[in-house]
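See below for the structure under consideration.
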Amino acid sequence: MSKRGRVLVAMSGGVDSSVAAVMLHEQGYEVIGITMKTWDYAASGGSSKETGCCSLDSINDARSLAVSYGFPHYILDIRGEFGDFVIDNFVDEYIAGRTPNPCVLCNTHIKWEALMKRANMLDCEFIATGHYANIRLHNNNRYVISKGRDENKDQSYVLWGVTQENLARTQFPLGSFTKAEIRQMALDMGQKELAAKSESYEICFVPENDYRAFLRHKKPTLDQEIGPGNFLLSDGTVVGQHIGYPYFTIGQRKGLGIALGKPMFVLEILPESNSVVLGEEHELEKSQAFVRDVNLVKYASLDQPMEAVTKIRYKDSGMLSTITQQGTTMQVDFMHKVKGIAPGQSAVFYEGDDLLGGGFLMK
């Protein structure tokens, strides 16, 4: 074993995880690459060429890079674990009238646990991923995630659920670099095709980013079971019919299938009556939210209310707020109203650049 230790690196075949693996290899770690097969494109209802992190091309790219640098590479089939938990939850959340956050669930319950299990089997002290985030041991003896240097690529938002036990053995080699610098490193490695690889911002298992078609594919009887329902205004006035509440999300404006003479947005989804409440943009604004299943990262608990910046979606810039812990629930009081609080999405709390923790937005 090298002096720096043995590290299991999650390699998707993309530029970020590939450069992370080479970076650690060149720093003197004994690297073992692993690519996780999480889903089947055909099984998800895809009709065009398989793309993304689970494609055969991506797996081959990861293996080829590992071979060229002389470190071992394995393929880990976790389709069963992934499908049973992440995909089933995705479908169940829409049927419950919520908007799911599959990347958080995947990181927390599938990828980290799968990596740690294999790291133990392979005698690896650490695991590493290509996330743009940083990690350090705080003076309170807790491992803290903080934002990556590249503000446009920071991925700390999707990491709020990772446990202290797992963070203690995790490395994020890309945290202090920008995406442009990582692409340049790939070029410097002679990996021109890798450096030019495009990024996908879609949910990995939803073909063509069409979640409605995916829901129908996974639950063929969905339309018959739910059927059309009413569009309502916030005062209860019926203004039209929709195709079924699971096909809508909070804040949605386009694709409603109804024209009311002015821009209208989805304000609320009511599964019990198969109703979708519409309203004007200002009606999306709220000054308070409640968050369930909270996992705290920087501190073990919050004994009193504290000021924090709360993000309610990945690309949200965040809003100054007061957060108050109530067991595994967090009350969030925003300094200014925020738009589009969507139950099921993550609310993530920050103290400066440090991730305090996060949880799932409630109704």
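The values are calculated or read from the model by the stated rules, or taken from the named source; none is laboratory data. Owing to the predicted nature of the structure, the values given are computational and were not obtained by experimental measurement. Virtual Cβ from ideal backbone geometry, glycine too; neighbours counted across all protein chains shown. The accessibility values were calculated without ligands, DNA or RNA, using every heavy atom of the protein model including side chains. Shrake-Rupley method; radii C 1.70, N 1.55, O 1.52, S 1.80 Å.
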Check: For the range 31-45, does any single residue satisfy the condition of being modelled with pLDDT of 90 or more, in a strand (DSSP E or B), under 23 Å from the mean Cα position of the chain (by Cα) and aliphatic (A, V, I, L, M)?
Finding: yes
Notebook entry, point to check: Among the residues of the range 327-348, how many are within 15 Å of the chain's Cα centre (by Cα) and in a strand (DSSP E or B)?
Noted result: 3
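So is residue 81 assigned to a helix (DSSP H, G or I) and under 29 Å from residue 248 (Cβ atoms) or not?
Numbers: assigned to a helix (DSSP H, G or I): yes; under 29 Å from residue 248 (Cβ atoms): no.
So residue 81 does not fit the description; no.
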Next item on the list: Mind listing whichever residues of the range 190-231 are crowded, with 16+ Cβ neighbours inside 10 Å and of a type in the set (D, E, K, R)?
Entry: 197, 212, 216, 218, 219
Next item on the list: Those residues that are farther than 22 Å from residue 219 by Cβ, in contact with a strand residue (DSSP E or B) (Cβ under 7 Å, 6 or more places away or on another chain) and not in a strand (DSSP E or B), I need them from the range 232-279; list them, please.
Entry: 234, 251, 253, 258, 260, 264
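Restricting attention to the range 314-326, report how many residues are over 18 Å from the mean Cα position of the chain (by Cα) and over 14 Å from residue 295 (Cβ atoms). Steps first, please.
Step one: filter the range 314-326 for residues over 18 Å from the mean Cα position of the chain (by Cα), giving 319-326.
Retained after the next criterion (residues that are over 14 Å from residue 295 (Cβ atoms)): 319-322, 324, 326.
Within the range 314-326, residues that are over 18 Å from the mean Cα position of the chain (by Cα) and over 14 Å from residue 295 (Cβ atoms) number 6.
Restricting attention to the range 349-363, report how many residues are part of a strand (DSSP E or B) and within 21 Å of residue 92 (Cβ to Cβ). Before the answer, list the steps.
From the range 349-363, those part of a strand (DSSP E or B) are 349-351, 354-361; that's our starting set.
Applying the additional criterion that residues be within 21 Å of residue 92 (Cβ to Cβ) yields 358-361.
Counting residues in the range 349-363 that are part of a strand (DSSP E or B) and within 21 Å of residue 92 (Cβ to Cβ) gives 4.
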Item checked: Test set (1) within 25 Å of residue 140 (Cα to Cα); (2) open to solvent by 20 Å² or more (accessible area, probe 1.4 Å) - residue 330 fails condition number -> (2)
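Output yes when any residue across the range 269-285 is within 21 Å of the chain's Cα centre (by Cα), surrounded by 15 or more Cβ atoms within 10 Å (Cβ to Cβ) and touching a residue at least 40 places away in the same chain (Cβ under 8 Å), and no when none is.
No - not one qualifying residue is present in the range 269-285.
Yes or no: the range 57-71 includes at least one residue that is surrounded by fewer than 17 Cβ atoms within 10 Å (Cβ to Cβ), at pLDDT below 85 and either farther than 21 Å from residue 105 by Cα or touching a strand residue (DSSP E or B) at 6+ places or on another chain (Cβ under 9 Å) (or both).
Here is the first cut: in the range 57-71, the ones surrounded by fewer than 17 Cβ atoms within 10 Å (Cβ to Cβ) are 57, 60, 64, 67-70.
Still in the running and at pLDDT below 85: 57.
Filter once more, so that each one left must be either farther than 21 Å from residue 105 by Cα or touching a strand residue (DSSP E or B) at 6+ places or on another chain (Cβ under 9 Å) (or both): 57.
The answer is yes; a qualifying residue exists.
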Item checked: Extreme residue, nearest to residue 78 (Cα to Cα), among residues of the range 1-14 that are open to solvent by 10 Å² or more (accessible area, probe 1.4 Å) and modelled with pLDDT of 95 or more -> 10
Next item on the list: Report, ordered by the first and then the second residue, all pairs with beta carbons closer than 8 Å, sequence separation of six or more or different chains, a first member in the range 151-162 that is among the aromatic types (Phe, Trp, Tyr), and a second member that is surrounded by fewer than 22 Cβ atoms within 10 Å (Cβ to Cβ) and modelled with pLDDT under 95.
Entry: 157/314
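Would you call residue 257 touching a His at 6+ places or on another chain (Cβ under 8 Å) and at positive phi?
Numbers: touching a His at 6+ places or on another chain (Cβ under 8 Å): yes; at positive phi: yes.
Spelling it out, residue 257 is indeed touching a His at 6+ places or on another chain (Cβ under 8 Å) and at positive phi.
Just checking, how many residues over the range 134-152 are more than 14 Å from residue 356 (Cα to Cα) and either buried (at least 22 other Cβ atoms within 10 Å of the Cβ) or modelled with pLDDT of 95 or more (or both)?
Step one: filter the range 134-152 for residues more than 14 Å from residue 356 (Cα to Cα), giving 139, 141, 148-152.
Those left that are additionally either buried (at least 22 other Cβ atoms within 10 Å of the Cβ) or modelled with pLDDT of 95 or more (or both): 139, 141, 148-150.
Of the residues in that region, 5 qualify.
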Next item on the list: Considering only residues that are farther than 16 Å from residue 280 by Cα and within 32 Å of the chain's Cα centre (by Cα), look in the range 232-247 and name the one that is surrounded by the most Cβ atoms within 10 Å (Cβ to Cβ).
Entry: 246
Check: Looking at residue 187, is it in contact with a helix residue (DSSP H, G or I) (Cβ under 9 Å, 6 or more places away or on another chain), open to solvent by 20 Å² or more (accessible area, probe 1.4 Å) and modelled with pLDDT of 95 or more?
Finding: yes
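Could you identify the single residue in 250, 258 that is touching a residue at least 12 places away in the same chain (Cβ under 8 Å), surrounded by 18 or more Cβ atoms within 10 Å (Cβ to Cβ) and of a type outside the set (Lys, Arg)? Even if it seems obvious, please write down each step before you answer.
Details: 258 fails: surrounded by 18 or more Cβ atoms within 10 Å (Cβ to Cβ).
None of the others qualify; the one that does is 250.
Per-residue answers, yes or no, for (1) part of a helix (DSSP H, G or I); (2) farther than 28 Å from residue 143 by Cα; (3) within 19 Å of the chain's Cα centre (by Cα):
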| site | (1), (2), (3) |
| --- | --- |
| 162 | no, no, yes |
| 165 | yes, no, no |
| 174 | no, no, yes |
| 186 | yes, yes, no |
| 202 | no, yes, yes |
| 213 | yes, yes, no |
| 217 | yes, yes, no |
Notebook entry, point to check: In the set 317, 301, which member is modelled with pLDDT under 95, of a type in the set (S, T, N, Q) and within 28 Å of residue 155 (Cα to Cα)?
Noted result: 317
Item checked: Selected residue (criterion: farthest from residue 260 (Cα to Cα)) from residues of the range 280-315 that are among the hydroxyl-bearing types (Ser, Thr, Tyr) and assigned to a strand (DSSP E or B) -> 310
